[in-house]
1. Got at least one residue in region 216-224 being within 13 Å of the ligand (Cβ to nearest atom) and within 24 Å of residue 296 (Cβ to Cβ)?
2. Check region 177-199 and report whether any residue there is assigned to a loop (DSSP other than H, G, I, E, B), more than 27 Å from residue 133 (Cα to Cα) and without any contact (Cβ under 8 Å) to a residue 12 or more places away in the chain.
3. Taking region 198-237, which residues are acidic (Asp, Glu) and loosely packed, with under 14 Cβ neighbours inside 10 Å?
4. So residue 161 clears everything in (1) away from the ligand (no atom under 13 Å from the Cβ); (2) not in a strand (DSSP E or B) except one condition, right? Which one?
5. Within region 37-139, which strands (runs of 3 or more DSSP E) (wholly inside it) include 1 or more residues that are β-branched (Val, Ile, Thr)?
6. Restricting to region 260-310, name every residue that is of a type in the set (S, T, N, Q), surrounded by fewer than 23 Cβ atoms within 10 Å (Cβ to Cβ) and either within 22 Å of residue 100 (Cβ to Cβ) or within 16 Å of the ligand (Cβ to nearest atom) (or both).
7. Please enumerate the residues belonging to region 200-226 that are under 18 Å from residue 159 (Cα atoms) and in a strand (DSSP E or B).
Amino acid sequence: MMRDLRLCLISFFIFGHASGQSVITIPPGPVASSGNPLFPGWYADPEAAVFGKEYWIYPTYSAPYGQQIFFDAFSSADLVHWTKHPHILDTQRVLWAQRAMWAPAILEKDHKYYFFFSANDMHAREKGGIGVAVSGQPGGPFSDYLGKPLIDTIVNGAQPIDQFVFKDKDGLYYIIYGGWGHCNIARLKDDLTGLQPFPDGSTFKEITPQGYVEGPLMLCRNDKYYFMWSEGGWGGPDYKVAYAMADSPLGPFKRIGVVLQQDPAVATGAGHHSVIKVPGKDQWYIVYHRRPLGETNANHRVTCIDEMFFDRDGHILPVKITREGVKANVLP
Ligand code: FUB
């Protein structure tokens, strides 16, 4: 309605100018908000990133496992208007993947985009695990980088799913992953083709904090490492996100508290998130999935965004989940 009114005003002023009437500066329109969910469709486990002047979101397509055979991506210049990039990767381009393509993570390195994903809901003695695909553009198409999974074994009881990847201040790349209540961290080779052992010779270190279920994420702010993860069952209302802080990406991580959870007035099952930092600012968004009120279908998960704030001591304040989402924010 407000957008229509603004269009009318703009047409009026343009017409007025062309017909010789006095030029009037167009008053700023109402500040647009993203609304929640951010875009239509059932999408979960969103990975969010900033590439150049665009925000990108890479979610899981939320459907029965046999139908999870592709990924779509979404891009935006302002967090309000989103463009869908369909099928940036699918099982036809990953020969070892048949189903359950889940929970992307993405890295940009040397003008290439590395897209980490898990496939097949791998159990012991089955094929599958965590893979990596590559493209010259953030919107794909991506192709299988290794021709095989990057991690295809169960180590420390962690199912090889729900990977998060990040580059530390010292230039080292890490992968943090794990389902079934266990979380491992490993170092990636610089060319991202495999894992390289830690100086003590081990390849995987378990960093599971109390309450951890899946969906790990790490960020660094003011030299502190924030480890965040999902707790509860993803199909139920109590799914949530908690966090810990440490001086190293290897921990130790002691649970501090809950960051994100359901609000009986807004939505249930809020969890499996990622975080956007606006470049050059101490401004943060949490991007996550949640389930509409009254919905019992586990897969009816939608991708949402809200602001995330830190207190003076550096603790993360509990997020208020909203229907409005966030205001338009064009990248600098
Ligand atoms: O979407 C599939 C699975 O649901 C994810 O891997 C879990 O973390 C949960 O969000």
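Every read-out reported here was derived from the displayed coordinates using simple, explicitly stated rules and does not represent laboratory data. Not measured: the values here are computed from a predicted model. FYI the Cβ positions are ideal-geometry reconstructions off the backbone, even for glycines, and counts take in every protein chain you see.
1. No, there is no match, as no residue in region 216-224 is within 13 Å of the ligand (Cβ to nearest atom) and within 24 Å of residue 296 (Cβ to Cβ).
2. Here is the first cut: in region 177-199, the residues assigned to a loop (DSSP other than H, G, I, E, B) are 178, 180-183, 189-194, 197-199.
Imposing the further condition that a residue be more than 27 Å from residue 133 (Cα to Cα) reduces the set to 199.
Those left that are additionally without any contact (Cβ under 8 Å) to a residue 12 or more places away in the chain: 199.
Yes, there is a match, as at least one residue in region 177-199 is assigned to a loop (DSSP other than H, G, I, E, B), more than 27 Å from residue 133 (Cα to Cα) and without any contact (Cβ under 8 Å) to a residue 12 or more places away in the chain.
3. 200, 223
4. For residue 161, the failing item is (1).
5. On the way: elements: 43-51, 54-61, 70-76, 83-90, 102-109, 112-119, 129-135.
Filter on region 37-139 gives 43-51, 54-61, 83-90, 102-109, 129-135.
6. Within region 260-310, 261, 262, 268, 296, 297, 299 qualify.
7. At the first step, the residues of region 200-226 found to be under 18 Å from residue 159 (Cα atoms) are 203-217.
Scanning region 200-226 gives 205, 206, 214, 215, 216, 217.
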